[in-house]
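Participant: Dropping the structure in here first, questions after.
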Amino acid sequence: MGCHALCGLCGVVLDHVDPQRIGCAGLSLGGEMTMWLGAMDTRIAATISSEFLTVMDQMEKNHRMCWKFDGLRERIDYADIYSLTAPRPLQCQNGLKEGPTQFHVPIARKAMQEIRVIYDDYGKKRNAELDVHPGGHEIDLPALLEFFKKHLERAELRVSSIVQSSPARPPWAGGHNQFQINSAQAENKHDRHPQ
């Protein structure tokens with residue numbers, strides 16, 4: 001679903017959306033979805049995953065198995081998935097009130113050490129950080145805002161190759177670009193639903 005929303009933002013020109021400065025944040029299961037989106041879509045310039053940095057052993061013992069895909073557990077762990085975000089900025093947030101059966105800070109610290117190895121290979125070790133806050137299963141909003149301000153307001157953010165290149169026009173587009181197609185669809189939708 002996040003990929004579809006992102007495609008919508010990048011396919012339609014909105015005055016207030018800069019496709020070079022898109023951030024993504026989520027809490028708990030949203031933190032997992034943020035992990036996947038940041039790892040798989042380079043249009044995400046900065047990622048914040050709150051209350052999800054852990055290891056699969058912990059999840060297997062103490063949580064529902066909705067996160068488990070066949071074959072995934074045997075090959076990788078969450079640190080490997082988060083590492084795919086590198087070298088783009090990544091913040092993981094874990095609260096000190098999370099108990100030992102939840103998203104426990106000592107486990108998150110160990111996982112972040114593994115993630116930082118990959119960031120260090122890119123020469124961007126400071127782009128990966130763990131925000132340990134005094135709360136529980138919650139977003140540390142001040143840290144989130146500071147992180148996004150730091151990483152999304154910089155002019156030197158690179159544009160992903162996906163955004164830089166013009167997509168090939170499908171045959172049904174009739175020579176129109178994606179913006180023109182989306183605009184026409186939006187106009188048709190608006191015309192069918194008068195206010």
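Participant: Residue under question is residue 20, and the condition is that it be at pLDDT below 90 and part of a helix (DSSP H, G or I); does it hold? Please lay out each step first, then the result.
Facilitator: Details: at pLDDT below 90: yes; part of a helix (DSSP H, G or I): no.
Against the criterion (at pLDDT below 90 and part of a helix (DSSP H, G or I)), residue 20 does not qualify.
Participant: Considering only residues of region 138-169 that are hydrophobic (A, V, I, L, M, F, W, C) and buried (at least 17 other Cβ atoms within 10 Å of the Cβ), which is modelled with the lowest pLDDT?
Facilitator: 157
Participant: Scan region 119-156 for residues that are touching a residue at least 12 places away in the same chain (Cβ under 8 Å), part of a helix (DSSP H, G or I) and more than 17 Å from the chain's Cα centre (by Cα) and report the count.
Facilitator: So the answer is 1.
Participant: Being at pLDDT below 95 and among the aromatic types (Phe, Trp, Tyr) is the filter here; which residues of region 87-137 pass it?
Facilitator: 103
Participant: Restricting to region 40-76, count the residues that are of a type in the set (Asp, Glu), farther than 21 Å from residue 97 by Cα and at pLDDT 90 or above.
Facilitator: The first filter runs over region 40-76 and keeps only residues of a type in the set (Asp, Glu), leaving 41, 51, 57, 60, 70, 74.
Those still in the list that are farther than 21 Å from residue 97 by Cα too: 41, 70, 74.
Among the residues that remain, those that are also at pLDDT 90 or above are: 41.
Residues meeting the conditions: 1.
The values are calculated or read from the model by the stated rules, or taken from the named source; none is laboratory data. Since the structure is predicted, the reported quantities are computational estimates derived from the model, not experimental observations. A quick note on method: Cβ atoms are made from the backbone with ideal geometry, for glycine too, and the neighbour counts reach across all protein chains shown.
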